[in-house]
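To start, the structure itself, in structure tokens.
The values are calculated or read from the model by the stated rules, or taken from the named source; none is laboratory data. Worth saying up front: this structure is predicted, and the values here are computed from it rather than measured. Neighbour counts run over all protein chains shown; Cβ positions are idealised from the backbone, glycine included. Side chains included, ligands, DNA and RNA excluded: accessible areas come from the protein's heavy atoms. Shrake-Rupley method; radii C 1.70, N 1.55, O 1.52, S 1.80 Å.
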Amino acid sequence: MTEKLSADYSYLDENFKKVREDLASAGRSDITLLAATKTVPAEAINYAIDNLGLRYIGENRVQELLEKYDDLHKENLHVHFIGTLQVNKVKYIADKVEMIHSLDSEKLAAEIDKRCRALGKVMDVLIEVNVAEEEQKSGISPDETSGFIEKIKNYPNLRCRGLMTMAPAGCTDEEYRRYFAKIYRLYLDNFGKNMDNKEGYILSMGMSGTYKLAAECGSTLVRVGSALFGARNYN
Ligand SMILES: *Cc1c(COP(=O)(O)O)cnc(C)c1O
């Protein structure tokens with residue numbers, strides 16, 4: 001594919017190689033590598049899709065997803081939504097993403113269900129768990145997670161596929177292990193009985209600073225941004 005690009009993206013080759021090697025050395029070549037693509041231009045994402053085998057991306061701002069969406073090489077691409085989602089914005093993305101990682105309220109569940117019913121679509125969702133019960137953070141508290149999963153079963157156009165968590169920033173490895181172990185336990189408690197379901201269940205945990213630890217602790221999908229694309233520039 002010899003498309004003319006406006007920049008040299010070959011630095012991505014090394015970054016992707018390094019992250020994949022780290023995951024392999026954690027014994028987890030099977031894990032899903034999802035690229036967290038906020039602030040990354042569509043052209044750079046397409047480079048990784050065309051040249052580096054990238055198949056999963058996660059956007060976390062509705063506006064940014066809409067701006068990039070048409071330009072993405074979507075043929076073999078799985079587009080997920082990973083950020084906090086406002087109820088009134090569901091309508092813009094319901095037809096564009098195949099999974100939402102940040103379900104954390106019944107109001108949001110009802111809106112996704114309604115929009116997806118109109119589209120004749122079932123949306124895969126992950127329940128976001130606020131593992132450290134941080135005040136300002138979105139997510140369901142660990143104690144309320146099982147009850148919430150039960151409630152979600154009332155929405156026929158949602159399919160609960162597992163859990164997602166954002167661990168607090170700046171923890172020690174030991175603290176991360178403790179948080180990840182806690183979520184892994186919650187994941188097994190809620191989905192372990194049905195693990196042979198042919199589509200499988202998802203545990204979305206681990207980011208640039210923690211993907212290796214998370215992989216060792218049972219994550220099935222890591223969301224990696226800066227380790228793949230370099231430090232973000234929000235200007
Ligand atoms: C940005 C983001 C990530 C990736 O963060 P990095 O530290 O850059 O790897 C993962 N998950 C969510 C929800 C994000 O917004």
- Here the net charge surrounding K89, from other residues whose Cβ is less than 15 Å away from its Cβ (Lys, Arg +1; Asp, Glu -1), is 0
- Run down the aspartates and glutamates and flag those whose C-alpha is under 20 Å from the C-alpha of K137, throwing out any fewer than 8 positions away in its chain. E59, D104, E106, E128, E175
- Note on the structure: Nearest-0.05 FRET efficiency for K18 and S138 at R0 = 22 Å, using Cβ-Cβ distance, is 0.15
- Packing-based order for 88-98, 141-151, using average beta carbon neighbours within 10 Å, highest first: 88-98, 141-151
- Task: Write down Rg/Rh for the range 1-145, rounded to two decimals, with Rg from the C-alpha atoms and Rh from the Kirkwood relation over Cα pairs.
- Result: 1.00
- Message: Can you tell me, using C-alpha contacts under 8 Å and at least 6 residues apart, the relative contact order of the chain as a whole percent?
- Response: 20
- Message: Taking 8 Å as the Cα distance limit and 6 or more residues as the minimum spacing, I'd like the relative contact order of the range 60-163 as a percentage.
- Response: 24
- With only Lys, Arg, Asp and Glu charged, each at its Cβ (+1 for the first two, -1 for the last two), find how big the charge dipole of the chain is about the Cα centre; round to the nearest 20 debye. 480
- Mean Cβ-within-10 Å packing, highest first, puts peptides 13-22, 37-46 in the order 37-46, 13-22
- Note on the structure: Per the charge dipole of the chain (beta-carbon charges, Lys/Arg positive, Asp/Glu negative, Cα centre), the residue among F16, T165, Y155 reaching farthest to the positive end is Y155
- Message: What does the net charge come to around S25 if you take all other residues with beta carbon closer than 14 Å to its beta carbon, with K and R at +1 and D and E at -1?
- Response: +1
- Task: Express the Stokes-Einstein translational diffusion coefficient of the range 78-234 in µm² s⁻¹, to the nearest whole number, given a Kirkwood radius over alpha-carbon pairs, 25 °C and a viscosity of 0.890 mPa s.
- Result: 153
- Item | Candidate lysines - alpha carbon under 23 Å from K68, same-chain residues fewer than 8 apart omitted | K4, K38, K89, K91, K96, K121
- Message: Under 20 Å between alpha carbons, and skipping anything fewer than 8 positions from K212 in its own chain: which lysines qualify?
- Response: K17, K18, K182
- Query: How high is the relative contact order of the range 142-211, in percent, with contacts defined as C-alpha pairs under 8 Å that are six or more residues apart?
  - Reply: 40
- Query: Using a 1.4 Å probe, how large is the accessible area of S6, given in Å² and rounded to the nearest 10?
  - Reply: 100
- Message: For a quick check: with amide H placed at 1.01 Å from N, whose amide H comes under 5 Å from I140's, ignoring anything fewer than 5 positions away on the same chain?
- Response: E128, V129, N130
- Message: Distance between the C-alpha centers of the range 74-91 and the range 100-128? Whole Å please.
- Response: 10
- Query: How much net charge surrounds E111 when only other residues with a Cβ under 12 Å from its Cβ are counted (Lys, Arg +1; Asp, Glu -1)?
  - Reply: +4
